[in-house]
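Notes follow once the structure below has been shown.
The values are calculated or read from the model by the stated rules, or taken from the named source; none is laboratory data. This one's a predicted model, so the numbers in the text were calculated from it and none came from an experiment. Quick reminder, even Gly has a Cβ in these numbers, built from the backbone with ideal geometry, and neighbours come from all protein chains shown. Ligands, DNA and RNA are excluded from the accessible area calculation, which covers all protein heavy atoms including side chains. Shrake-Rupley method; radii C 1.70, N 1.55, O 1.52, S 1.80 Å.
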Amino acid sequence: MSRLAIFAAALLPLAAFAAADSLPVPQKSFTGGSPAALEQVMLAARRYAAFWNSGDPALARAALAPEFTDRTLPPGRAQGLPGPLQASQTFRGAVPDLKVEITDLVAADDRVTLRLHFTGHFTGQFGKVQGKGQAIDFQAFDLYRVQDGRITDNWHLEDNLTLLQQMGVIQQ
């Protein structure tokens, strides 16, 4: 068998693997938008990140629509604006020097995705656990739907395992 035939035979499984009909098809795909619309989508996302960075409720009110819905609502958290306000207050009680940076931002049409980096020191109280100054450093991912310059829907995922380990709430 020639080298070319051996090479071609080795590539056949790869060709089948890369066939377009075997690739996952997204339920929704976002690939662009007008610059003015994207500016509004990104502004809403940046305002909401600024709320998490500062704890300022005025920023949450500016970022979130009156009909805001948390699509991945944690147990015990209120729906709508009261949910993030309470979560921020509780988290800032545990980590008063909390800082949030936007590491990545991707926007298309009425959606924006962020990778957020949270840092600070656990010096306050979290449940029954008192902080001892432990460093806090974890990430979160958010997907927002934005209408009329305000976030109407949020799907989010935080690295809570890392956070709770850093706080000493659960063992590593």
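At a glance:
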{"item": "Inter-residue pairs, beta-carbon under 9 Å, first among the acidic types (Asp, Glu) and modelled with pLDDT of 95 or more and in the stretch 76-97, second open to solvent by 70 Å² or more (accessible area, probe 1.4 Å) and not in a helix (DSSP H, G or I), 6+ apart", "result": "ASP97/HIS121; ASP97/THR123"}
{"item": "The stretch 122-150, residues that are within 24 Å of ARG61 (Cβ to Cβ) and either within 12 Å of the chain's Cα centre (by Cα) or free of Cβ contacts under 8 Å to residues at least 60 places away in the same chain (or both)", "result": "ALA140, PHE141, ASP142, LEU143, TYR144, ARG145"}
{"item": "Filter result (open to solvent by less than 40 Å² (accessible area, probe 1.4 Å) and assigned to a helix (DSSP H, G or I)) within the stretch 42-58", "result": "ALA44, ALA45, TYR48, ALA49, ALA50, PHE51, TRP52"}
{"item": "Count of the stretch 21-69 residues which are of a type in the set (S, T, N, Q), free of Cβ contacts under 8 Å to residues at least 40 places away in the same chain and more than 15 Å from VAL112 (Cα to Cα)", "result": "3"}
{"item": "Which numbered condition VAL106 fails, given (1) of a type in the set (Val, Ile, Thr); (2) more than 18 Å from the chain's Cα centre (by Cα); (3) modelled with pLDDT under 95", "result": "(2)"}
{"item": "Residue match in the stretch 34-50 (condition: at negative phi and modelled with pLDDT under 80)", "result": "no"}
